[in-house]
Amino acid sequence: MTRKHLSRRTVLRGIGTTILGLPFLEAMTPAFASKRDLAVASPLRLAFAYIPNGVTMEEWTPAVAGRSFDLPTILQPLASVREHVTVLSGLAQHNAKALGDGPGDHARAAAAFLTGVHPRKTDGANIQNGVSIDQVLARQWENKTRFASLELGTEPGGIVGNCDSGYSCAYTNSLAWHNETTPLPPEVNPRLVFERLFGASRNGETPAEARQRQKFQRSVLDNVQEDTKRLMRELGPTDRRKMDEYLYAVRDVEKRLERAAEHSPVEVDMPKPSGIPALFSDHLSLMYDLITIAFQTDLTRVSTLMVGREGSGRTYREIGVPDAHHALSHHQKNQEKIDKITKINTFHVQLFAKFLEKMKSIPEGDGTLLDRTAIIYGSCIGDGNRHNHDNLPILLAGGKAAGLHGGQHLTFPENTPMTNLYLSILDKLGAPIEQFGDSTGRLQELAGI
């Protein structure tokens, strides 16, 4: 057997600083490798997608538990990936409640979602929260990838000032926390994320200078063209097809970023950064695709995405909802407003479903990229009108290779800590910890699925 064995860390190198990671290929396992060998060689990942302002729970929650349930209105876009998704009902984040601190549910929701900690109420420099679960895992895996984690979002927001009833903007605008005083604000510009992954931008450039350089700068793929040709000659038919698909995906993201830079609207008094598409759906889809590529190339194995910052007032004219999201969430049982909120919730799930479909379409190891990735999607507010932090809208997708199987609706006792889910997921990913936040144990219902 003469087939060349490629290292899992093999990359394509081009001119300048261009380095392009590779997807998992059969050539990265020894000759005569079994399916089990392929599974061991291919890594596991964890991602979180956070939606703001709660949902219409009546249109989210399946009527029955178990596997024989109908997808409710908001979850119907998941029909094509139903067998990969579990609906979790009954989970709560107790430390997102006021606990004597008064108003500020949106800030506490974002701050507590991944930490299980009650944030200190302050809009000054003395912020205090807790390390988030994504960072706990990132520290365990930090030596395995180029980037320990990836934090993305779709709405700009600072980390100073008062954003919610005396709570710092650091709480409202950040899901990930490196430690109790250090939030990790998400990057919202897809172009900057792409350049971070595949080649950093030059220091000191103004946006205008960057745009001018981009006109003359060759594509990432063009930069590694010679290295790519050499590698392709060494691969078998299956690996060549997989590389073709991966390179097409990278090129597609490049083209979409170029179009976004050309067509994004610019306001006279404050130019928007190039690379952010005008349409929310295009913007969010790009962020999902960047997560997909980052996982596929093993640049990172941990990611968080804020679909919207908590308390978001975004409008959704592209689906016929010109009203501000946050204002609509305070619907006071007005059916017209409830219908609009449901429409927004469904729209978010549609885009999430496309993300899952794409990950499902990418072969890896003895399964797919989705099989190797556990994804938690949801909010730390149940009903936006009530601002409750119990019975949260939570989905668990993917992770079949880690022993997670979808196609069911699991219900838990009232006020079961969300942090118990995190302990259970880390167990499945082979990175167990004893305690996290306000956890009280594991979710036994996940042990055997």
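Every number here is computed from the coordinates shown, using simple stated rules; none is lab data. All values reported here derive from a predicted model rather than from experimental measurement. Cβ sites come from the backbone with ideal geometry, for glycine too, and all protein chains shown count toward neighbours.
Once both labels are positioned 7 Å from their Cα atoms along Cα-to-Cβ, the gap between Glu245 and Ser281 label points is 2.5 nm. If you take the Cα centroid of segment 357-390 and the Cα centroid of segment 56-90, the two points sit 13 Å apart. Put simply, the C-alpha atoms of segment 361-449 give a gyration tensor, and the ellipsoid matching it has half-axes of 25, 17, 11 Å, longest first.
Cross-link partners for Lys337 among the aspartates and glutamates, with Cα-Cα distance under 15 Å and sequence neighbours closer than 8 places in the same chain left out: Glu58, Glu59, Asp323, Asp383. Label-to-label distance, His405 versus Arg146, with points set 7 angstrom from Cα along the beta-carbon direction: 3.8 nm.
Based on C-alpha pairs under 8 angstrom that are at least 6 apart in sequence, segment 381-425 has a relative contact order of 25 percent. At full extension, His178 and Leu71 could sit 34.9 nm farther apart than now, given 0.36 nm per residue minus the alpha carbon distance. Given R₀ = 45 Å, what would the calculated FRET efficiency be for Arg230 paired with Arg139, taking r from the Cβ atoms and rounding to 0.05? Computed FRET efficiency for Arg230 and Arg139 comes out at 0.80.
Too long at a 20 Å Cα-Cα cut-off: which of Lys121/Lys333; Lys229/Lys354; Lys400/Lys428; Lys97/Lys343; Lys144/Lys428; Lys144/Lys229? The pairs that break the limit, which is 20 Å between Cα atoms, are Lys121/Lys333; Lys229/Lys354; Lys97/Lys343; Lys144/Lys229.
Could you calculate the contour length gain from Thr238 to Asn162, that is, 0.36 nm times the residue separation minus the distance between their Cα atoms, to one decimal place in nm?
Values: separation 76, 0.36 × 76 = 27.36 nm, distance 5.41 nm.
Using 0.36 nm per residue and subtracting the Cα-Cα distance, I get 22.0 nm.
Net charge of the neighbourhood of Leu175, taken over other residues with C-beta under 11 Å away and scored Lys/Arg +1, Asp/Glu -1, is -2.
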